[in-house]
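To keep things clear, I will list the structure first and then write my remarks on it.
The values are calculated or read from the model by the stated rules, or taken from the named source; none is laboratory data. The structure presented is a predicted model; accordingly, all values stated were derived computationally and were not measured. Cβ placement follows ideal geometry from the backbone for every residue including glycine, while neighbour counts extend to all protein chains displayed.
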Amino acid sequence: MIDFVLPSLGADMDVAKLNCWLVKPGDTVHKGQIIAEVETDKAVLEVECWDEGVVEELVLAPGPTRLPVGTLLARIRPLEGAQPRSSPKVPAVEEAVAGQPTRPAPRHGVPSPPVRHLAHQLGVDTARVAGSGPAGEITREDVRRAAEPVIGREQRVKASPLARRLARETGVDLGIVPASGLAGLVTAKDVRAMEQVTPAPTDLPVETTEPEGRSETMRRAIARSMAHSKREIPHYYLANHIDLDRALRWLTAQNEERPISGRILPAALLLKATALALRETPDLNGHWVDDGFRPSDAVHLGVAISLREGGLVAPAIHDADRLSLDEMMASLRDLVNRARSWRLRSSEMSDPTITVTNLGERGVETAFPVIIPPQVAIVGFGRVVDMPVAIDGQPAVHPVVHATLAGDHRVTDGHRGGLFLDALDRLLQEPEAL
Amino acid sequence: MNKEEARQTIFEVLGEIAPEVDPATVDDSSDLTEQLDLDSMDYLNWMLGINQATGVEIPQRDVSRFLTIDGAVEYLVIHSG
Amino acid sequence: MTDVLTQTRTITYREAVREAIREAMQQDDRVFLMGEDVGRYGGCYAVSKGLLEEFGPERVRDTPLSEAAFVGAGIGAALGGMRPIVEVMTVNFSLLALDQIVNNAALYLHMSGGQFNVPLVIRMATGAGRQVGAQHSHSLEGWYAHIPGIRVVTPATVEDARWMLPTALSDPDPVIIFEHSGLYNSEGELPEPGAPVDIVSSRVRQAGSDVSLITYGGSLPKALAAAEDLATVGVSAEVLDLRVLRPLDTEAILASVSATHHAVIIDEGWKTAGISAEIAACIAEQAVWELDAPIRRVCSAEVPIPYARHMEEAALPQVSAIVAAAREIVG
Amino acid sequence: MLRIRRFEERCAQLYQAEKIRGFLHLYIGEEAVAVGVMEALRPDDAVVATYREHGHALARGMDPKLVMAEMYGKVEGCSRGRGGSMHLFDASTRFYGGNAIVGGGLPLAVGLALADRLEDRKRVTAVFFGEGAVAEGEFHESMNLAALWHLPVLFCCENNLYAMGTALARSESQTRVTLKAASYEMSAWEVDGMDVVAVEEAARRAAESVRSGGGPHFLEFRTYRFRAHSMFDPELYRSKEEVEKWKERDPIDLLDQRLTADGILTGEERAAMEDEVAEEVEAAVAFAEAGTWEPVEELTRFVYSEVGR
């Protein structure tokens, strides 16, 4: 028996109504004979029969219902002897032909795409939102109301994607970073400046912030940088006693012939020696950036300067290794004075390649400093004290400084640090060469 | 320059370096660097300030005379002549 | 004029294109030139002057004003085993041949399941800036760059004008070469002896660290001028000459923007749905975390290009606009 | 002609069973034109057809299996299932495919002929188009170019009186198409498109003239399609009587009567032909049914060439 189904009569035809039959059960039909008329929303079309045979049964009567293509319409008994052609298996209506998906019925209550998108943006779960629209449909207003508390809580900072990434990497709190970019946009430079210049904020609009605001912001900046340093940088510590007898004797002799304005402090000696020692161990001088050490040709010595109202800054003396002692003293004095009156330049704040702290001032004998990211080492000098030393086996009392080095184990190890301290010691024994 | 003028100059210069210091509370005879937490740079700047204000030269060997206010005043009176 | 010592020659963009065509026709007799006024008249921009005398009317074919037919014929000849160079006087007239280019040239290989290649080169002048009115001032390279199946190249330098053609001719797929009409008179140094250049990658014409000026074709000189101005205010601009609009050298674009963190795209086409939008989308999709400021696009105003000089200048992207955009986002 | 007829009748049924999708333009009634012209062409000549191209493809010698598989969208099809009914291609027979844009193939044919002329090859490029195409700019530009450059193009206009739903009289000021050719100094003949012998004879003489450098030649075949323009066409534009009248000159019956009258063809041979064709068509359907879908990963293949760069 041959199933006669509603044929597809066009690329965009899915359904049609059966208008009328042109044959009745018992009629014989021939190939190509028009046996029915159907109507789509575009036109009335004749339907051909492809087989020779006798109409057995008209399964469906003409009517208004819109029948999907493939619906069984009639059955035709092939004539005896007529060799029934292997008509291809006509897929049952439900089993959709590849490429012909049956359209899903619209589900009520599911919010429209734009509303779903808004909900997604505001982190609102539409399932838990009561729709106030027609038939319970969820509207944009519903989503906004549901998101109210959400919006209130998180004050979104206007920062560039790169700034956001850097803030994530360095732990800088975007909320407190002053914005210098386009229309109040926090840019990478702002984040770097914030994170770099710990402890003191750079380019702080000094005039505008009152002292309290300044030190409070600085305190927080120092806290964050030190926390970041401790968390990120695997420190190792080395210490060494350095006999300063020859150095200080030479310095006093020098100062005796110099007016007060030309006087040189021991700190200048220590800085110059440090700078020259770094030439022998360059991998202590540079920055840790993007998971890699980037050595610096120039030696920009960060000098830790304590501020009278508390807090500490470590601006850089540029190219310290190339300065004469007088130049070193002059730039040290200039740096200290400007630091203590908040007039530092951002370049000084943002690019020291290593920092030196304490410089033999009052306070503890031995300092164990914390490296300032992204630097990879820090040198500490304790208080200069008179201590018994052995000179050619004979006891003597010499002024001695306890020099310490904290290094970043990702870049160097104890051996390299030791070489540096030895070089420092050797250089300080020939002050006239500094 | 008499004692009073010397003392006034000394505290003027000191005020630039340690503005929060109240002259009345300073003990004239004890070590200034201890009392006022002056580091070697502050101390040097103080003497330089005095030198610039009074023209009195302070050679290296006399630096220790400036550890106290009294010492400083005395030195200034003698050397400002 | 050859400077023997340093082995470079100074020639014009127009001469470079002519040399390329002549050499191609001398070396491969499958190559022939076809287009309006390319023969007797020597080419609307005088590019093919002298070629008719050298190669004869069979290989330098003046065509009637039937863009659809002679561009279609170019495609047919390519299917027939030739390596035609079809010159469409300007991109403005190519609209009449768009059906042949898009429905035949671009689709034949894919639609035929890989059976029929179309090794065709189409050259078109493009761009505005000569007060020739709206219908002669279009920059529609971006349209063609939308079509899979064709390559779109935009030589801006004399070297590219000279050495992109041989590569395009040896390519088994259709290549469209856009020559900005403002460039024909420009002069440049041509390394000697030169060699064919690729038609897939872009070039950094000037390195820089603060902002990437991404452009192509006729806008390259403006970008370089803008970079110079920016240098005087301490902004180091990198100028990236795309050279090819399809396939777009996304890798180079992302590398540059990842280094400078700022992008200004200069395109003489209109901004809406233009090639500049595609480039901006690439950056936003694949390098958003490198962006330190919004992307800026400097394009023609969304108007038909007016005739009056001051109006035309106001409509076209200018150096000052590029500088302003760069300074705005670099801060 | 029988192969084309039965092949296409089967296609119509397969379309209604949703095995073939998209557009399907049947050639039933016009078989004599394709068969007659292809007889006059040589293997190395080129053919450019239109979207009503099954007849041309089969007459040109393309394998029915590959054509049917293509219409099923299977990768085994002649265009890997990417072209479908309107875009059949075959490099081996220089069949440069159907073109869905009316008149779109004409410039290509001019170009193919130009290449032959530049390389001094004695070849013909035959291009088929309907009478509707004469309204396209590309038709006039191509005719002029071919005539101007004396190119070896055989223009074959299949005038089946209706461009989709529009009768020629309602679209052309001058309905005698051959006179359009005359305006390009191109010799043009009107031929009875229902008589395969007449078609073949005219095509042969024209092709010889073109091949020997006589320049382009124009043939207008007056013919008629017995079925709708495409599968979705209520045919309101023509009457049943007109269709029946044309069916009386069914090209297959005409040839059948002529051969039987001349004693060349007997009833048994005719019946044997029917069986042979039926077998061929069913084999093609089976081949297509067994075909596979092109892997999606190959979507971008052949956007650009993979070889020869």
Residues of segment D:45-67 being in contact with a strand residue (DSSP E or B) (Cβ under 7 Å, 6 or more places away or on another chain) and more than 13 Å from D:Ala91 (Cα to Cα), in sequence order, are D:Ala49, D:Thr50, D:His56
Determine whether segment D:163-171 contains at least one residue that is outside any loop (DSSP other than H, G, I, E, B), within 14 Å of chain C (Cβ to nearest Cβ) and either hydrophobic (A, V, I, L, M, F, W, C) or surrounded by 18 or more Cβ atoms within 10 Å (Cβ to Cβ) (or both). no
Report, by residue number, each residue of segment D:97-124 that is modelled with pLDDT of 95 or more, facing chain C (nearest Cβ under 8 Å) and crowded, with 22+ Cβ neighbours inside 10 Å. D:Leu106, D:Pro107, D:Leu108, D:Ala109, D:Val110, D:Gly111, D:Leu112, D:Ala113, D:Leu114, D:Ala115, D:Asp116
How many residues are within 18 Å of D:Leu168 (Cα to Cα) and either within 16 Å of the chain's Cα centre (by Cα) or of a type in the set (A, V, I, L, M) (or both) if we restrict to segment D:231-260? 2
Picking from D:Ser79, D:Ser85, which residue would you name as being out of contact with any strand residue (DSSP E or B) (no Cβ under 7 Å at 6 or more places or on another chain), at the interface with chain C (Cβ under 8 Å from one of its Cβ atoms) and within 24 Å of D:Ala286 (Cβ to Cβ)? D:Ser79
Residue in segment D:249-270 that is surrounded by 14 or more Cβ atoms within 10 Å (Cβ to Cβ) and small (Gly, Ala, Ser) present: no
Looking at (1) closer than 18 Å to D:Met231 by Cα; (2) more than 12 Å from every other protein chain (Cβ to nearest Cβ), can you tell me which one D:Pro43 breaks? (1)
Of all residues in segment A:206-253 being in contact with a Phe, Trp or Tyr (Cβ under 8 Å, 6 or more places away or on another chain) and farther than 30 Å from A:Thr412 by Cβ, the one that is modelled with the highest pLDDT: A:Arg214
Considering only segment B:48-76, state which residues are more than 11 Å from chain A (Cβ to nearest Cβ) and within 22 Å of B:Glu34 (Cα to Cα). B:Ser64, B:Arg65, B:Leu67, B:Thr68, B:Ile69, B:Asp70, B:Gly71, B:Ala72, B:Val73, B:Glu74, B:Tyr75, B:Leu76
Output the residues belonging to segment D:109-157 that are part of a helix (DSSP H, G or I), in contact with a His (Cβ under 9 Å, 6 or more places away or on another chain) and under 20 Å from D:Ser212 (Cα atoms). D:Arg117
Mind counting the residues in segment D:181-201 that are over 18 Å from D:Arg258 (Cα atoms) and either in a helix (DSSP H, G or I) or out of contact with any helix residue (DSSP H, G or I) (no Cβ under 7 Å at 6 or more places or on another chain) (or both)? 4
Of the residues that make up segment C:48-71, is at least one at the interface with chain D (Cβ under 8 Å from one of its Cβ atoms) and closer than 22 Å to D:Val303 by Cβ? yes
By residue number, the members of segment C:70-86 that are of a type in the set (Val, Ile, Thr) and assigned to a helix (DSSP H, G or I) are C:Val71, C:Ile75
Mind telling me which of the residues A:Ala239, A:Ala253 ends up being hydrophobic (A, V, I, L, M, F, W, C) and surrounded by 14 or more Cβ atoms within 10 Å (Cβ to Cβ)? A:Ala239
Checking A:Ala82 against (1) more than 22 Å from the chain's Cα centre (by Cα); (2) within 14 Å of another protein chain (Cβ to nearest Cβ); (3) at pLDDT 50 or above; (4) at positive phi, the condition it does not meet: (4)
Subset of segment D:267-309 that is part of a helix (DSSP H, G or I) and within 30 Å of C:Val200 (Cα to Cα) - its residue that is nearest to the other protein chains (Cβ to nearest Cβ): D:Glu298
I'm told D:Glu18 meets every condition in (1) within 17 Å of the chain's Cα centre (by Cα); (2) facing another protein chain (nearest Cβ under 9 Å); (3) in a loop (DSSP other than H, G, I, E, B) except one. Can you identify the failing condition by its number? (1)
At least 1 residues that are within 14 Å of chain A (Cβ to nearest Cβ), over 22 Å from the mean Cα position of the chain (by Cα) and crowded, with 22+ Cβ neighbours inside 10 Å in each: list the helices (runs of 4 or more DSSP H) lying fully within segment C:273-331 that qualify. C:319-330
Of the conditions (1) more than 14 Å from every other protein chain (Cβ to nearest Cβ); (2) among the hydrophobic types (A, V, I, L, M, F, W, C); (3) part of a loop (DSSP other than H, G, I, E, B), the single one that B:Leu38 does not satisfy is (1)
Considering only residues that are part of a strand (DSSP E or B) and touching a Pro at 6+ places or on another chain (Cβ under 7 Å), look in segment A:1-42 and name the one that is surrounded by the most Cβ atoms within 10 Å (Cβ to Cβ). A:Leu18
May I ask you to say which residue of D:Val277, D:Val281, D:Val296 is surrounded by 12 or more Cβ atoms within 10 Å (Cβ to Cβ) and out of contact with any Pro (no Cβ under 9 Å at 6 or more places or on another chain)? D:Val277
Please go through segment A:300-345 and give me each residue that is in a strand (DSSP E or B), hydrophobic (A, V, I, L, M, F, W, C) and surrounded by fewer than 20 Cβ atoms within 10 Å (Cβ to Cβ), ordered by number. A:Leu312
